Amino acid sequence: MKKYSLILLLFSILISCDKDDAEILSDNTKPQLFTPSIFDLNETSIENAVPIAINNFSSISDVSQGVVSRTWLLQEGSRYLLPTFERQDSLNLAPFIDPDLGLTNGNEVVHVLFQKEGETTVNLKNRFNKPVSFLGNDAVQKGNGLWELSTTIMYDVYANLNAEASVSNEDETEVFGILTASQNPSEDNTSGFTTVNIEAGSSLIFSDLTTIGRPDGRMWEFDGGTPQTGEEEKQLVTYNKLGNYTVNITSTRNKRGNSLNAQEQTKTIPLLVNVIPSTQPYIISGNAMSLNDDDGIAGTNIISFRVNGEIEPFTGAESNFTVNVKNVGFDQNFTVNSAKISSGDATVIELTLSQPILNSDTVTLSYNGDSITSIDSRTLTTFTGIPVDALNLNLFSNASNPSFENAVDNDRNVNSQGYNLFVGAGNNLDNARNADGSLFIDRSTEMSSDGNASLKFNAIMPFENGIGFLSLSNTILSNSAIPPGDYKLTFDVFIEDGSDFDAIFSVIQQGTPRTELAPFNAPGTGQWFTVERNFSNANTLDGNLIFNFRNQDNVGVAGRQVFYIDNLQIIDLEPR
C-alpha cells in the first residue's frame, strides 16, 4: 500500500508593524514549516527536494495570518485531489482527482498527487497588505499595493522499480536472454521462455540493468546454480546439476528521508537454463583445502576438493587417495578414513584423515581410481600432487573490526570503529589532511580484499610541517583474548600505480618481538598481496596493535602515495 506523506505548511508571518500590532501578534511571529520529511527546517533545508514515490501525495495546509489572497501552482504531472479520499484508497488515488481544478488552486488545504517522475515543485503565492518574510524570503510589492510572498516546496518523484536484466556467456560475447521493463513473466508459466543449453560445470553471467525507480541494490535467486543467491550487479553463476532452472531478480531501493519508503520488486527472467551432460573431462577444480573440524585441537582432520560437475553417490574410494604431509624432518602419507560427498555441495568431496594436518605442513593430494563419476556418467580423471591449502583461522574477533567493516562518524577514529589516529607533530588532526580536507589515513569503500571496506592511505611523502610519522592504533588485540603461543600477524595491501611506499613499522604490545619493520615487498602495483610477521606471547595478548607510517622507513619515497590495507589477521602457528 502507498504510504501517506503529510506536509503541513504553517505560515506565521513577520509583518512590519507598530508596537500595538506587535503585541497583538506576539504569539504568532515565528514562521514555521512542519513536515516529517524535513526534521530541521531552515533556509538550507527548504532548498532540498522532498523524495516521494510516484502516485503518492502530500497534503499541505496554509495557515498564514493576514492573507488577502492565495494561489497554489503545480507543474505538469501533478494534480489536486478531492478531500474525500481515505487511507485505504491510497492504492489508487486517480479516481479522487479533482476534475474542476487544473494546476492552480486557492484553498487553504491542498492534497497534491504526483503522477510524473522527476523533480517538480508546488508553489504558493500569498498576497498581504504589508511586507512579510519567511525563512529569508522577502515579499515583493506589486502594482496593486499588495505584497506577494512566493514559497516553493521542491519534490523529487521516484518511479516505481521496474527490473531489467540480461544473461550472457562467461566472456560476455553472446547474450542469451533479456528481461525488459515491459515484461513481467511468471515462473509458473515458462512455456514462452527462451531456453539456453549449457554443459554441466559451465557458467553464465547475469547482469542487473535496472535503472527505472533508481534502485540501489538487488538480490538474485539462482535455482540450481552456485551461488544460489547473490547481490552483485554482475553475478557469475555455475551450473553443475542436470535440469531446467529459472532465475529471479529482486530490485531494491532503500528508504529516502522521511517521505519515501523502501521498495522492492521481484521479476523472473524469461529464460530457462537447461543443464546438459558435459563433453569436458571430469576433473578437480583448483586446489584442495583444509576445513575446520571444530575439535579445539591444533590442526584439522578434514580436507576437501571440488570437481566440475555434480557427483554420483559412491562408496569405497578411500584407498584411491594419497595425502602426503611434509614438514621439517617429516614426510608421511596419512590414511584416509572416509571419503564422501559434502552434504552442502554435491560438487565437493570431503576426506577425513587418520590424524590432523597442521598449517605449517606442506600437504598434497593425489587420486588414482575409477570409482568416482559424475551424475552425467563421466569418470573422475586421476591427479597427482594437488596442493592442499592450509587452515589459517583468524583469531581476531569480528567485533574487533579487523576488516574495517564497522564505520563510525569520527575523523580521529579514521571513521572506523576501534581505531585511533595519532599525528607526529602535536597530534593535531588538521596536520594530517590533504588540501581537499580528506585525511591522510581514512576508512574507504573504494577497495577491499575482505568485505566491503578497507583503510586508505593517501598522502604526499615525505610528510611535511614537522610530521615525522602517523600512528594508527586500535584495541583489536585486547578485544580478542588471544592465549599464549606462537602466532603470525598478516594484513593485505593494495598499492596504486605510481606509488612506491616501502614499509610500515608495526608494534604488537606484549608481543615478542614487540616491534618489527614490515616491508611491503610488493609483487607489483595494482594487486592485493599479503604482508606478515611472526611473534609470540607468554600471556593472554593485551594492549594495542599499532602501525607507524614513518618518513625514516621510506627514505627516497616522494610524491603522492596511495595504498589500501585490509583483512588484519592473527594466525596460530602450528609447528610439528
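Observations on the model:
- Environment charge at K116 (Cβ cut-off 14 Å; Lys +1, Arg +1, Asp -1, Glu -1): -3
- The chain, helix-only ellipticity at 222 nm - DSSP H runs n ≥ 4, -39,500 (n - 2.57), divided by all residues, nearest 500: 0 deg cm²/dmol
- Gyration tensor (alpha-carbon) shape descriptor, the stretch 113-192, a/c threshold 1.5: prolate
- Using a cut-off of 26 Å between Cα atoms, the listed pairs K116/K255; K241/K326; K326/K488; K116/K267 include K241/K326 as exceeding that distance.
- Note on V557/Y245: beta-carbon distance plugged into 1/(1 + (r/R0)^6) with R0 of 56 Å gives a FRET efficiency of 0.60.
- The shape of the stretch 256-328 comes out oblate: with a ≥ b ≥ c from the C-alpha gyration tensor, a/c is at least 1.5 while a/b does not beat b/c.
- Neighbour net charge for R70 - beta-carbon separation under 12 angstrom, K R +1, D E -1: -1
- Net lengthening on full extension, T71/T194 (0.36 nm per residue, minus Cα-Cα): 38.7 nm
- For the stretch 307-416, applying the loop criterion from DSSP together with a ceiling of 10 other beta carbons within 10 Å to the GluC sites (Glu not before Pro) yields no site.
- Residue-count net charge about I283 - beta-carbon cut-off 13 Å; Lys, Arg +1, Asp, Glu -1: +2
Read-outs throughout are calculated quantities, based only on the coordinates presented, and are distinct from any laboratory measurement. Here the structure is a predicted model, which is why all the values come from computation and not from measurement. Cβ atoms come from the backbone with ideal geometry, glycine included; neighbour counts cover every protein chain shown.
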